[in-house]
């Protein structure tokens with residue numbers, strides 16, 4: 001019989017050989033490179049990400065009816081750059097993107113965000129054995145990566161003045177969170193933002209108190225890493241109020257009190273009233289009718305114009321963010 005020492009030596013030798021074979025194991029052979037001409041080619045391997053993107057505003061950026069109307073059906077050619085861009089990494093971080101001529105209906109697609117100048121794809125892992133040959137690219141998570149398009153209306157510039165910037169909380173942390181909070185599941189590509197009323201509701205709070213014969217409403221930017229609302233000059237948030245009968249019957253007509261919005265360049269008679277991060281705006285309601293029981297509400301709108309400016313209909317044309325009742 002073999003001695004215990006010999007047996008142990010054989011076991012150790014076998015483990016060493018096995019370990020060395022794993023260390024020096026040949027990597028999988030490189031995959032044949034694919035030429036990507038459409039984001040639909042990504043769907044087979046990245047079904048979850050593709051589905052999230054397809055339902056996002058990035059995917060809708062060229063075909064969205066509101067965008068078509070605001071850009072005069074893209075007769076305003078400046079809009080094309082960001083709504084159908086060539087790859088961001090082709091022009092470089094923080095540089096304005098260039099417009100592409102093909103597949104514009106795909107909007108801001110996988111190729112625009114991930115393709116490298118050499119045809120490979122920027123990702124989170126180095127993989128030469130798959131068709132897109134991803135290269136681990138930390139720049140994908142940098143704010144400068146989003147800036148070429150999203151600083152056209154100073155959103156990134158606004159972010160730089162916040163506590164979020166000082167604490168290293170960037171765009172992807174809020175707008176592309178990890179699925180189910182798990183980094184191993186990757187980031188959500190639905191691009192949660194201003195089109196999500198849940199995101200808008202987390203951005204601000206609304207309060208109101210009676211001060212003598214007046215009501216003082218307060219809107220505070222508690223959750224947006226930039227001004228509220230931001231990015232698109234078409235977006236607006238409005239404070240309205242209405243009387244509320246004590247018997248619980250329907251309230252009176254809504255009355256406008258204040259608007260948060262950055263005007264277009266041609267609207268020279270208007271001033272910028274956006275609400276910076278961490279700040280509070282007080283809105284005074286001094287109408288004699290407000291001395292009784294009233295409701296104060298904040299509405300959010302993706303279009304700056306009312307069908308009937310003299311009689312705006314916030315419930316029909318905007319979305320309710322918050323509401324509070326103020327007693328006499």
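Throughout, read-outs are computed from the coordinates displayed, never taken from laboratory work. Model, not experiment: these values are computed from the prediction. A quick note on method: Cβ atoms are made from the backbone with ideal geometry, for glycine too, and the neighbour counts reach across all protein chains shown.
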**Study point:** Highest-MSF residue in the chain out of 52, 315, 284 [GNM, Cα springs under 10 Å]
**Key:** 315
Point to revise | Spin-label proximity, residue 182 to segment 40-57 - amide N less than 16 Å from point 7 Å beyond Cα toward beta carbon | key: 48-49
**Study point:** Kirkwood-Stokes translational diffusion coefficient of segment 197-326, alpha-carbon pairs, 10 °C, 1.306 mPa s, µm²/s
**Key:** 105
Check your understanding: Hey, fewest Cβ within 10 Å first, where do 178, 299 land in order?
Key -> 178, 299
Check your understanding: What value, in deg cm²/dmol to 500, does the helix sum -39500 (n - 2.57) over DSSP H runs of n ≥ 4 give at 222 nm once divided by the residues of the chain?
Key -> -6000 deg cm²/dmol
**Study point:** Using distinct alpha-carbon pairs, which all enter the 1/r mean, Kirkwood radius of the chain in Å
**Key:** 23.4
Practice item. Report the full-extension gain for the segment residue 38 to residue 129: residue separation times 0.36 nm, less the Cα-Cα distance, to one decimal in nm. Key: 30.7 nm
Study note, to complete from the structure: With 0.36 nm assigned to each residue of separation and the Cα-Cα distance removed, residue 218 to residue 255 gains 11.7 nm
Revision key, fill the gap. Full extension between residue 72 and residue 289 adds, at 0.36 nm per residue less the Cα distance, a length in nm of 73.9 nm
Point to revise | Value of relative contact order over segment 187-328, rounded to a whole percent, pairs C-alpha under 8 Å and six or more apart | key: 29
Review point. So if R0 is 30 Å, what FRET efficiency would residue 169 and residue 310 give, r being the distance between their Cβ atoms, rounded to the nearest 0.05?
Key: 0.10
Review point. When only C-alpha pairs under 8 Å and at least 6 residues apart count, what is the relative contact order of the chain, in percent?
Key: 13
Point to revise | Percent RCO, i.e. relative contact order, over segment 87-225, from Cα pairs under 8 Å lying at least 6 residues apart | key: 14
Revision key, fill the gap. Highest GNM mean-square fluctuation among 249, 71, 105, for the chain with Cα springs under 10 Å, belongs to 249
Practice item. For segment 260-328, compute Rh as the Kirkwood radius over C-alpha pairs and then the Stokes-Einstein diffusion coefficient at 37 °C and 0.692 mPa s; write the answer in µm²/s, rounded to an integer. Key: 226
Revision key, fill the gap. Connecting every pair of Cα atoms under 10 Å apart in the chain and solving the GNM, the largest mean-square fluctuation among 287, 55, 238 falls on 287
Practice item. Would you order 246, 202 from fewest to most other beta-carbon atoms within 10 Å of each residue's own beta-carbon? Key: 246, 202
Study note, to complete from the structure: The ratio Rg/Rh over the Cα atoms of segment 39-185, Rh being the Kirkwood inverse mean 1/r radius, stands at 0.96
